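Engineer: The structure under discussion is supplied below as structure tokens; questions concerning it will follow.
What follows draws every value from the coordinates through simple rules; no lab data is involved. Source: prediction; values computed, not measured. Counting neighbours? That spans all protein chains shown, and the Cβs are built from the backbone with ideal geometry, glycine included.
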Amino acid sequence: MSYRIAVLRGDGIGPEVTVEALKALAAIRERYGHDFAYEEGLVGGASIDELGVPMTDETLALCQSSDAVLFGAAGGPKWDDASTDFRPEQALFRLRKELNLFANLRPVRSYPMLDEMSPLRPEVVKGADIIFVRELTGGLYFGQPKMRWETPEGRRAVDSEDYSEQEIARVVRVACELARKRRRKVVSVDKFNALISSRLWRQVATEVGAEYPDIDLTHMLADTFAMQLIVRPTQFDVVVTTNMFGDIFTDEAAVLAGSMGMLPSASLSGLPSGRTLGLYEPIHGSAPDIAGQGIANPLASILCCALLLRYSLGLEEEARVVADAVTTVLEEGYRTSDIHSEGTSKVSTQEMGDLVAARIREPRG
């Protein structure tokens, strides 16, 4: 079967890690005989430099007509110019809106061989395995009014937390569907005691939870969750929350994996059914300070391929093979600079990609 994948390498280390992710997909193609057709588009700062905008209509159309989008990164200090209306990140915001990518999945797990890289005690992070489901197209980042103005007393600004019943319900359903394939536990995180929008969030989440009697759906206040995520992360299975809270908590959760270079993400336009349009990107961003040095960790981008295979192409076995290859390479002691420690073998971005691709090609009994 043929699959069309849009490849948007972007800025900073985005192109470097995306190359290694494509090696993993090439290895899957060789092992299973799949036909992956790639088409490239410019986004972010690279698109601003060459085409004058963060993303063209043509690149958007490419993504809309593809089975999945593999994204590198967008942004960097080169484009931090307050005098222009264009920002590299606008490409990502537009993709989320235009492709209706309302559910952002961010799996976070601890790897036993990397527990020592976490600032938390090994016994705290051991066994942590969480999927965060972040609502991605509503809430504080998109709500209106959004403005700043001058007053006689000084400058003011306002952002609006705005959610509809439908926006909340659909993302909670995604969380419940995911939980059915895991430990059947969902924690919905809000600020029920202070925000009217969170009261609606909790009400709708409770109603959706009633549609899933086999799922244990509970609620937790955001400040309590922030503490519990660090104190006892293994209590959580699937976590669903708002756009802003999800943005913050998933960065906090990176300490469980030892490095942001280990964390992939999937932004989906529907339920995780196996043939859902999605955009897949590592959460580490463009990291311009290390771009071009060959030291970036490509494992998050490679793990994005596992999510892509699972959620957009419906290739579950192939997804497991990619994830298992990453684990095998780590078990063998290979590390990029961000996760390197005494007694392990430091490798470059390219070498890590080659190692994972080689393990994918080797069927294991």
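Engineer: About the Cα centre, and with charges only on the beta carbon of Lys, Arg (+1) and Asp, Glu (-1), how big is the dipole of the chain? Nearest 20 debye, please.
Structural biologist: Around 920 debye, computed over the chain.
Engineer: Under a Cβ-only charge scheme (Lys and Arg +1, Asp and Glu -1), can you give me the dipole magnitude of the range 211-365 about the Cα centre, in debye to the nearest 20?
Structural biologist: It works out to roughly 300 debye.
Engineer: While we're looking at this one, here's another question. What residues have an amide H closer than 5 Å to that of Leu277, excluding those fewer than 5 places away on the same chain, when H is modeled at 1.01 Å from N in the peptide plane?
Structural biologist: Residues meeting the criterion, in which the H sits 1.01 Å from N, are Ser269.
Engineer: With a ≥ b ≥ c taken as the square roots of the eigenvalues of the C-alpha gyration tensor of the range 119-256, please select rounded if a/c is under 1.5 and otherwise prolate if a/b is larger than b/c or oblate if it is not?
Structural biologist: Oblate.
Engineer: Computed from the mean reciprocal separation of all distinct C-alpha pairs, what Kirkwood hydrodynamic radius does the range 106-157 have, in Å?
Structural biologist: 15.1 Å
Engineer: Please give me, ordered by residue number, the trypsin sites (Lys or Arg not before Pro) of the range 181-281 that lie in loop per DSSP and have at most 14 other Cβ atoms within 10 Å.
Structural biologist: In loop regions of the range 181-281 (DSSP not H, G, I, E or B), the sparsely surrounded trypsin sites (Lys or Arg not before Pro) are Lys181, Arg182, Arg183, Arg275.
Engineer: Now for a separate question. Which percentage, to the nearest 5, of the DSSP beta bridges contained in the range 119-256 is antiparallel?
Structural biologist: Taking every DSSP beta bridge with both residues in the range 119-256, the antiparallel ones total about 25 percent.
Engineer: To continue, here is another question. Could you tell me which residue out of Leu92, Gly75, Leu313 lies farthest along the dipole of the chain toward its positive end? Charges go on the beta carbon: Lys and Arg +1, Asp and Glu -1, centred on the Cα centre.
Structural biologist: It is Leu313.
Engineer: Quick one: which residues, 5 or more positions from Asp11 or on another chain, have an amide H under 5 Å from its amide H? H modelled 1.01 Å from N in the peptide plane, none for Pro or chain starts.
Structural biologist: Those lying under 5 Å, H to H, from Asp11 are Ala73, Ala74, Gly75.
Engineer: How far is the Cα center of the range 290-319 from the Cα center of the range 330-365, in Å?
Structural biologist: 14 Å
Engineer: With +1 on each Lys and Arg Cβ and -1 on each Asp and Glu Cβ, how big is the dipole of the range 119-256 about its Cα centre, in debye rounded to the nearest 20?
Structural biologist: Roughly 340 debye, rounded to the nearest 20.
Engineer: Quick one: Cα centre-to-centre distance for the range 261-277 and the range 104-147, in angstrom?
Structural biologist: Result: 15 Å between the Cα centres.
Engineer: Could you let me know the centre-to-centre spacing of the range 1-37 and the range 175-253, using Cα atoms, in angstrom?
Structural biologist: One Cα centre to the other: 33 Å.
Engineer: Computed on alpha carbon atoms, what radius of gyration and Dmax characterise the chain, expressed in Å?
Structural biologist: When restricted to Cα atoms, the chain yields Rg and Dmax of 20.3, 74 Å.
Engineer: I've got another one for you. For Lys191, which aspartates and glutamates qualify as cross-link partners when the Cα separation must be under 14 Å and same-chain residues fewer than eight apart are set aside?
Structural biologist: Glu161, Asp162, Asp223
Engineer: Nearest 500 deg cm²/dmol is fine: what mean residue ellipticity at 222 nm does the chain get from its DSSP H runs of n ≥ 4 alone, each adding -39,500 (n - 2.57), divided by its residue count?
Structural biologist: Helix contribution divided over all residues of the chain: -12500 deg cm²/dmol.
Engineer: Also: What are the GluC sites (Glu not before Pro) within the range 1-110 that DSSP puts in a loop, where the Cβ has at most 15 other Cβ atoms within 10 Å?
Structural biologist: For GluC sites (Glu not before Pro) across the range 1-110 that sit outside H, G, I, E and B with at most 15 neighbouring Cβ atoms in 10 Å, the list is empty.
Engineer: Here's another thing I want to ask about it. Taking amide hydrogens as modeled 1.01 Å from N in the peptide plane, which residues meet the under 5 Å criterion relative to Phe132, leaving out close sequence neighbours?
Structural biologist: Counting only residues 5 or more places away or on other chains, the set is Arg106, Val108, Val239.
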